[in-house]
Every structure is written in C-alpha cells, then in structure tokens.
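*Asks:* Below you'll find the structure I mean.
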Amino acid sequence: MRLVFAALICSFLVGCASAPATAPREYLDEQTAATITAVKEPWIFTREQNVGNEQRDFLHLYAIDVNRMGEHRQYIAALQSSAADMAVRPLLELTSGGQTQTLEAVSQSPREIGIAQPIAESYTLTSAWWFFPVDKQTLATLANAGDLRARMIVGNKPIAYVLWRDGRGELSELTAVLP
C-alpha cells in the first residue's frame, strides 16, 4: 500500500512540474523593461522555389505580446533568413482558405516597440527581423488557419513561402494567455 501511495505522489509531482510542450515562453527584456511573451516554437516557412544553388531561404514567424507597464501590443515577429533590402519595409501576406491578411511592418525600431533583445538567434549574416502589428483576434484566426501560406513583398518583389513547420498549437496556447 505504501509503495502504491509513493508512486501516486511521485506521478502527481511530475505531472505538476511539467508544462505543456506548447506553452509560451515569457521573459523580461532588461533594456526596455518590457515583458515579452512569445510562442515556444515558430511557424517555419521555406521559399516556394529556390533558384539554382542558392542556400535554402526560410521565414520564421513568431507571435509575440509586448507588455509595457500594462499596455499590451501583439506582433508577428518575422525572421527572414535572406533579406533582400533592409531599407524597404516589407508587407507580409498570410493566406489560408482563400482569405488573405496583409500586414505592414512597423516603422519604429525594435527597441522603440519594446524589444532590444532578439526573440531568437539569427542563423545567417543576411537575416533580418521585421515586426508586424496584429491584434488578439487576428492571432486567434491564424491559430485556426489550415494550409497557411506566406509571402513577403519587398518593394514590388514578392517572395512566396510554403509551410515547413506548423505553429498553430503554440499560437493557440499564446492566445489563451493573452489579456
């Protein structure tokens, strides 16, 4: 009986200690004093067509919430592995089920919106971060979107991406904790 009781308590403690695999991560940006809540893992897209011997081009999309003294703002933080033109603010088109949402990158620097430390590490020298303002409703819509496709439009040059890793589970967890 004692053995069963001890096993029950151990399993209960292990169950309480483990967070869901898709739970968002939260950290304090010490330089801006903003609390950043981000999806644990991003959506990952790969370029629809790679020309010649080019290195594979990826687009990572992180849904984030920036809390600055109780003022919450949500963004899609996009890490583009081979940014073509850093001087031009891109558009991000997300398409699912025939519906397209077009988002424009913010004009402020990441520090001005509360992000001095990168959301994740860049993995190429040509990587660029872009931040696209969204709201909780848009994030909830994306969390339920199947067959998501992405396009980055820089100037008049669209770059199409196809889904490589789905991030709907992580986004659902994030939207559940947003105020």
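The values are calculated or read from the model by the stated rules, or taken from the named source; none is laboratory data. Since the model is a prediction, treat every value here as computed from it, not as a measurement. Glycine also receives a Cβ, built like all others from the backbone with ideal geometry; neighbour counts cover every protein chain displayed. These accessible areas exclude ligands, DNA and RNA; they are computed on the full protein's heavy atoms, side chains included. Shrake-Rupley method; radii C 1.70, N 1.55, O 1.52, S 1.80 Å.
*Asks:* Taking the C-alpha atoms of region 32-164, how large are the radius of gyration and the largest Cα-Cα span, Dmax, in Å?
*Replies:* Cα only, region 32-164: 14.5, 49 Å (Rg, Dmax).
*Asks:* Using a 1.4 angstrom probe with every protein chain in place, what is the largest-first accessible-area order of 43, 164?
*Replies:* Numbers: 43 10, 164 165 Å².
My answer, sorted largest first, is 164, 43.
*Asks:* Okay, next question. I'd like to check one number: the per residue accessible area of region 32-179, probe 1.4 Å, reported in Å² as a whole number.
*Replies:* Details: 7490 Å² over 148 residues.
Value for region 32-179: 51 Å² per residue.
*Asks:* If you don't mind, another one. So which GluC sites (Glu not before Pro) in region 72-157 pass both tests, a DSSP loop state and at most 16 other Cβ atoms within 10 Å of the Cβ? Provide the component values of the computation, followed by the final result.
*Replies:* Working: sites: 93, 104, 112, 121; in loops: 112, 121.
Those satisfying the criteria are 112, 121.
*Asks:* What is the local net charge at residue 138, summed over the other residues whose Cβ is closer than 15 Å to its Cβ (Lys, Arg +1; Asp, Glu -1)? All intermediate terms of the calculation are to be shown ahead of the outcome.
*Replies:* Values: positive: 73, 136, 168; negative: 65, 93, 104, 135.
The answer is -1.
*Asks:* If you average the C-alpha positions of region 69-110 and of region 136-179 separately, how far apart do those two centres end up, in angstrom?
*Replies:* When both Cα centres are located, 10 Å separates them.
*Asks:* I'd like the accessible area for residue 27, computed on protein heavy atoms only with a 1.4 Å probe and all protein chains in place. Round to 10 Å², please.
*Replies:* The value for residue 27 is about 50 Å².
*Asks:* When averaged across all projection directions, what area in nm² does the alpha-carbon convex hull of region 93-169 cover?
*Replies:* Values: hull surface 25.4 nm².
The orientation-averaged projected area of the Cα hull of region 93-169 comes to 6.4 nm².
*Asks:* Counting Lys and Arg as +1 and Asp and Glu as -1, what is the net charge of the other residues whose Cβ lies under 9 Å from the Cβ of residue 40? Let's see the in-between values first.
*Replies:* Details: positive: 25; negative: 41, 170, 173.
Around residue 40, the charge tally is -2.
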